[in-house]
Amino acid sequence: MSLRLRLTLAYGFLLVLALAAFGFTAYLISARRIYDGVDDTLTAQAALVTPNLQSLSAPLTAQDVDANRTQLAEAASLDAVVQLRQPDGNILYNSESAGTTLPPARRLSTSPRYVSRRAQNQRMRILYQPLYNNGQFLGTVEIGQSLKEVDGALDEIRNVSIFGGLAVSLGGIVLVYFLSGRSLLGVRRVSQLARDIERTADFSRRLPEKGASEIKELTSTFNAMITRVERTLEGQLAFLADSSHELRRPLTVLRTNLDVLNEPALSDEDRAACLAEMHAEAESMSGLIADLLLLSRDKKQAMTVAPVDLSTLCEDAATRLRATDAGVHQLSIDVAAGVQVSGDRERLAQMLWNLLENASDYTPAGGEIDLRLEQCEKRARLTIKDSGIGVSEADLPNVFERFYRGESARSVRSEGSGLGLAIARYVAEAHGGEVTLSSRPGEGTTVVAELPTV
């Protein structure tokens, strides 16, 4: 069943239910008001009879009827049936103008009672008015009025409520069906475009963002999702192309050296050089594949979780940098003690070394490299600042992309895979943190990594 039909049925049911409740309530209120009017009329007629009855005996007798026939006749002249009934149920008087006998009360009461009863094939509203004299029950004055006109009026109200409600419900259901179709037009467009994209694999198409706020939000979200999917596919294609390119060079070197090793006249020194180069290229390719595998895995599954002393990691990385740097750069280390984070020690060390290695590779001899670790509330802030070549404004948005290397970076260092910053961001985000980079060409680069502390 379509959503449009479901909405129509749901709103139609609610509309019918509301109209039925309204009509039923209106009918009950109208009936109550009409019956109250009839009761008031009967009360007024009884007021013309009972106070004027004279010389009443206990119980009532035919002589009492003869003595009060004029008063009884006046009440009967008001289109009402008037009866006098003895306590034992015998009727002493029935108005002559109407040939209707009122049924007796089903139970006696000391106060007036209004009931609706059938009397000779017609419904009547009857007032049973007890007569007392000095506390002694004399009999009952019974005044009845036909409900034919009342029932006719109530039938008209009921018919108008039923047929009018049905007409309004039908019109409302048609209107709801039309409006729901208009409202769901944006949803159908999204669904149709999704089917077209699934069939054609054309992720360049977008929907116009218009209509109601909810539909506009849905369209905007769908367009954003398609944009992200398109970028992901483009990234995957670029990833495959870049990884293939990066792997081609070491494979080419290995193949060339293998051909060289097959030369019979190759000297021992050249053979050793070829083997050393092959070993270096194999190590490079192994590291590249390991980095690619890391970036392809789910962030949470790729990390182990354990307490890590980030201060110690920074001290160890600084010691390693001093050993490899051999005094080429001016190193400044300021590490706060006891900064603890929760995560994967090996991956955090890899992130830290990638950032330091980048700073060392792209900072000229004699330049400055500053490593700082501090704890700010519940976050550890790692700052690595250098006075190197910097990053151009055009390259800055892409520095964390896989395999991306700007022209300035390639001119300084031709080798490299361009995965260092991508891995740094990957590790930081896997630990619930983030990495930001700010730079100006010729003025150096500042990288800030923030991680939640324990």
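The values are calculated or read from the model by the stated rules, or taken from the named source; none is laboratory data. Since the model is a prediction, treat every value here as computed from it, not as a measurement. Reconstructed Cβ throughout: ideal geometry from the backbone, glycine too, with neighbour counts over all protein chains shown.
Test LYS216 against the stated conditions and say whether it is closer than 30 Å to TYR11 by Cβ, exposed (fewer than 12 other Cβ atoms within 10 Å of the Cβ) and under 38 Å from the mean Cα position of the chain (by Cα). Full working, then the answer.
Values: closer than 30 Å to TYR11 by Cβ: yes; exposed (fewer than 12 other Cβ atoms within 10 Å of the Cβ): no; under 38 Å from the mean Cα position of the chain (by Cα): yes.
So LYS216 fails the test.
Spot the failing condition for LEU207; the list is (1) touching a Phe, Trp or Tyr at 6+ places or on another chain (Cβ under 8 Å); (2) modelled with pLDDT under 80; (3) of a type in the set (A, V, I, L, M); (4) assigned to a helix (DSSP H, G or I), and only one is missed.
The number of the failed condition is (4).
Out of all the residues in the stretch 440-454, which are more than 15 Å from ALA349 (Cβ to Cβ) and buried (at least 21 other Cβ atoms within 10 Å of the Cβ)?
Result: GLY444, THR445, VAL447.
On the given criteria, is VAL339 under 46 Å from the mean Cα position of the chain (by Cα) and modelled with pLDDT of 80 or more?
On the way: under 46 Å from the mean Cα position of the chain (by Cα): yes; modelled with pLDDT of 80 or more: yes.
In short, yes.
Having 1 or more residues that are of a type in the set (Ser, Thr, Tyr) and in contact with an Asp or Glu (Cβ under 6 Å, 6 or more places away or on another chain) is the bar; report the strands (runs of 3 or more DSSP E) wholly within the stretch 264-352 that clear it. Lay out the reasoning, then the answer.
Numbers: elements: 306-309, 330-335, 340-343.
Hits in the stretch 264-352: 330-335.
Need the failing condition index for SER55 against (1) at pLDDT 70 or above; (2) more than 60 Å from the chain's Cα centre (by Cα), just the number.
In the conditions (1) at pLDDT 70 or above; (2) more than 60 Å from the chain's Cα centre (by Cα), SER55 misses (1) alone.
Looking at SER161, SER169, can you tell me which residue is under 21 Å from ASP36 (Cβ atoms), at pLDDT 85 or above, not basic (Lys, Arg) and not assigned by TED's automatic domain parsing to the domain that holds LEU60? Step through it out loud before you land on a result.
Numbers: SER169 fails: under 21 Å from ASP36 (Cβ atoms).
Result: SER161 is the single residue among SER161, SER169 that is under 21 Å from ASP36 (Cβ atoms), at pLDDT 85 or above, not basic (Lys, Arg) and not assigned by TED's automatic domain parsing to the domain that holds LEU60.
Which residues, taken from the stretch 113-140, are touching a helix residue (DSSP H, G or I) at 6+ places or on another chain (Cβ under 8 Å), at pLDDT below 85 and within 14 Å of ALA80 (Cα to Cα)?
The one that is touching a helix residue (DSSP H, G or I) at 6+ places or on another chain (Cβ under 8 Å), at pLDDT below 85 and within 14 Å of ALA80 (Cα to Cα): GLN122.
Tally up the residues in the stretch 1-23 that are within 27 Å of LYS148 (Cα to Cα) and either surrounded by fewer than 14 Cβ atoms within 10 Å (Cβ to Cβ) or modelled with pLDDT under 80 (or both), please. Even if it seems obvious, please write down each step before you answer.
First, pick out the residues of the stretch 1-23 that are within 27 Å of LYS148 (Cα to Cα): 20-23.
Applying the additional criterion that residues be either surrounded by fewer than 14 Cβ atoms within 10 Å (Cβ to Cβ) or modelled with pLDDT under 80 (or both) yields 21-22.
Going through the stretch 1-23 one residue at a time, the tally reaches 2.
For ILE162, are the conditions met, namely being touching a helix residue (DSSP H, G or I) at 6+ places or on another chain (Cβ under 9 Å), in contact (Cβ under 8 Å) with a residue 12 or more places away in the chain and surrounded by fewer than 17 Cβ atoms within 10 Å (Cβ to Cβ)?
Yes.
Scan THR110, THR43, THR50, THR101 and give me the residue that is of a type in the set (Ser, Thr, Tyr), modelled with pLDDT under 75 and either in the same structural domain as PHE137 (by TED's automatic domain parsing) or out of contact with any Pro (no Cβ under 7 Å at 6 or more places or on another chain) (or both). Please lay out each step first, then the result.
Details: THR110 fails: modelled with pLDDT under 75; THR43 fails: modelled with pLDDT under 75; THR101 fails: modelled with pLDDT under 75.
Of the residues listed, the single one that is of a type in the set (Ser, Thr, Tyr), modelled with pLDDT under 75 and either in the same structural domain as PHE137 (by TED's automatic domain parsing) or out of contact with any Pro (no Cβ under 7 Å at 6 or more places or on another chain) (or both) is THR50.
Can you confirm whether the stretch 217-239 contains a residue that is touching a Phe, Trp or Tyr at 6+ places or on another chain (Cβ under 7 Å), among the charged types (D, E, K, R) and either under 20 Å from ARG402 (Cβ atoms) or in a helix (DSSP H, G or I) (or both)?
Yes - at least one qualifying residue is present in the stretch 217-239.
When PRO307 is evaluated against the numbered criteria (1) surrounded by 12 or more Cβ atoms within 10 Å (Cβ to Cβ); (2) modelled with pLDDT of 90 or more; (3) not hydroxyl-bearing (Ser, Thr, Tyr), which criterion, by number, is the only one it fails?
In the conditions (1) surrounded by 12 or more Cβ atoms within 10 Å (Cβ to Cβ); (2) modelled with pLDDT of 90 or more; (3) not hydroxyl-bearing (Ser, Thr, Tyr), PRO307 misses (1) alone.
Within the stretch 303-336, track down each residue that is closer than 19 Å to ALA430 by Cβ and of a type in the set (Ser, Thr, Tyr).
THR304
Output the number of the condition that ARG189 fails; it satisfies all remaining conditions of (1) crowded, with 17+ Cβ neighbours inside 10 Å; (2) more than 30 Å from GLU230 (Cα to Cα).
Condition not satisfied by ARG189: (2).
Write out, first by first residue and then by second, each pair whose Cβ atoms fall under 9 Å of each other, whose residues are 6+ apart or on separate chains, and whose first residue, in the stretch 182-203, is farther than 25 Å from THR8 by Cα while the second is among the polar types (S, T, N, Q).
Short answer, once both residue conditions are applied: PHE203/THR227.
Say we look at the stretch 359-386 and pick out the residues that are of a type in the set (Gly, Ala, Ser) and part of a loop (DSSP other than H, G, I, E, B); which of these is surrounded by the most Cβ atoms within 10 Å (Cβ to Cβ)?
My answer is GLY367.
Give me a count of the residues in the stretch 417-436 that are surrounded by fewer than 20 Cβ atoms within 10 Å (Cβ to Cβ) and part of a strand (DSSP E or B).
Going through the stretch 417-436 one residue at a time, the tally reaches 2.
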